[in-house]
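First comes the structure, then the notes that go with it.
The values are calculated or read from the model by the stated rules, or taken from the named source; none is laboratory data. A quick note: this is a predicted structure, and the numbers were derived from the prediction, not measured. Backbone-built Cβ (ideal geometry, glycine too); neighbour counts: all protein chains shown.
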Amino acid sequence: MKERKTIIQNKVYEHVEEIYTHIKENSPQNAENFKHELQQKINEVEKHPTAYPPETIANSKKILYRFVIVMKRWKLVFKITHKLLIFLGIIHTSRNPNEIKKLRTNNHE
């Protein structure tokens, strides 16, 4: 297993806050479940980042983006470089695919 530094971009924290607040309006328990499952998924990705499928909408010639599903509805998008694991954002699976493209970044390459 390759050691990589993990970076969680600010956009992830913004998305989590929005999602948590939205879910909590209808179900405080589901909001807590979301936070718990998200943390589990981040831990799993840190251990085995290449085990997750490519996010073909965001991929470029140089960077392979990947995703993991959280609570059956949310895509946590991340990219892997030689030294870094970078979490970029969380998008609802029913959102316009262009929202995923907006997560692409040239930072930390």
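In the range 43-52, is there at least one residue being surrounded by 13 or more Cβ atoms within 10 Å (Cβ to Cβ) and within 16 Å of Val12 (Cα to Cα)?
yes
Per the conditions (1) in a helix (DSSP H, G or I); (2) modelled with pLDDT of 95 or more, the sole criterion not satisfied by Val68 is (1).
Assess whether Ile63 counts as being touching a strand residue (DSSP E or B) at 6+ places or on another chain (Cβ under 6 Å), surrounded by 12 or more Cβ atoms within 10 Å (Cβ to Cβ), hydrophobic (A, V, I, L, M, F, W, C) and modelled with pLDDT of 75 or more.
On the way: touching a strand residue (DSSP E or B) at 6+ places or on another chain (Cβ under 6 Å): yes; surrounded by 12 or more Cβ atoms within 10 Å (Cβ to Cβ): yes; hydrophobic (A, V, I, L, M, F, W, C): yes; modelled with pLDDT of 75 or more: yes.
The answer is yes for Ile63.
Under 8 Å between Cβ atoms, at least 6 apart or on separate chains: pull out the pairs that start in the range 1-21 with a residue that is of a type in the set (A, V, I, L, M) and end on any residue that is exposed (fewer than 12 other Cβ atoms within 10 Å of the Cβ) and not in a helix (DSSP H, G or I). Listed pairs, sorted by first residue: Met1/His48. Residue count for the range 86-100 satisfying the condition of being modelled with pLDDT under 90 and either assigned to a strand (DSSP E or B) or surrounded by 14 or more Cβ atoms within 10 Å (Cβ to Cβ) (or both): 2. Residues of the range 50-71 that are touching a residue at least 40 places away in the same chain (Cβ under 8 Å) and over 23 Å from Arg95 (Cβ atoms): Lys62 alone.
The condition of being of a type in the set (Phe, Trp, Tyr) and either over 14 Å from Trp74 (Cα atoms) or exposed (fewer than 14 other Cβ atoms within 10 Å of the Cβ) (or both) does not hold for Tyr20.
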